[in-house]
Amino acid sequence: MPGANTPNPPATFKAFVERFPELGAAHESIGRATDAAGPLDAKTCALIKMGICMGAGLESAFRSHVRRASHLGASRDEIEQAVVLAMNTVGFPRTVAAWQWAHQQFERDAKEG
């Protein structure tokens, strides 16, 4: 299933992929291809994708990449640094919002774990 490399993908994601399996498979294929396009390890890719999601204001995707980064061994400090690095580019309000989203995801993951 697409998103299988992320534990417990969001219910909306799962429902979408169940409804449109070909789109889910295409999405997963593109994700594998982009991850393989260079020398960065999976954890670094997840941290970078967090920054991209912050810049685009994509809360759900940001949370997914926080979860993925954690699953791949990123510490809370590493995740927080990835958030803080975006401040001069995306601004203080968006950075604080992303910091909150990350901490909410940490809490969700702790409840599920």
Any idea how many residues of region 8-54 are aromatic (F, W, Y) and closer than 22 Å to A110 by Cα? 1
Could you tell me whether any residue of region 15-25 is loosely packed, with under 13 Cβ neighbours inside 10 Å and either modelled with pLDDT under 90 or within 16 Å of L58 (Cβ to Cβ) (or both)? no
Does at least one position in region 31-40 carry a residue that is of a type in the set (D, E, K, R), surrounded by fewer than 14 Cβ atoms within 10 Å (Cβ to Cβ) and free of Cβ contacts under 8 Å to residues at least 24 places away in the same chain? yes
Screening S60, S29, S64 for residues that are modelled with pLDDT of 95 or more and of a type in the set (S, T, Y) leaves only S29
Pull up region 54-113, narrow it to residues that are out of contact with any Gly (no Cβ under 9 Å at 6 or more places or on another chain) and not in a helix (DSSP H, G or I), then point me to the one that is surrounded by the fewest Cβ atoms within 10 Å (Cβ to Cβ). G113
Condition (residue is of a type in the set (D, E, K, R) and not in a helix (DSSP H, G or I)) applied to region 36-43: is it met by at least one residue? yes
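The values are calculated or read from the model by the stated rules, or taken from the named source; none is laboratory data. Everything quoted here is computed from the prediction, not taken from an experiment. Note that each Cβ is placed from the backbone with ideal geometry, even for glycine, and that neighbours are counted across all protein chains shown.
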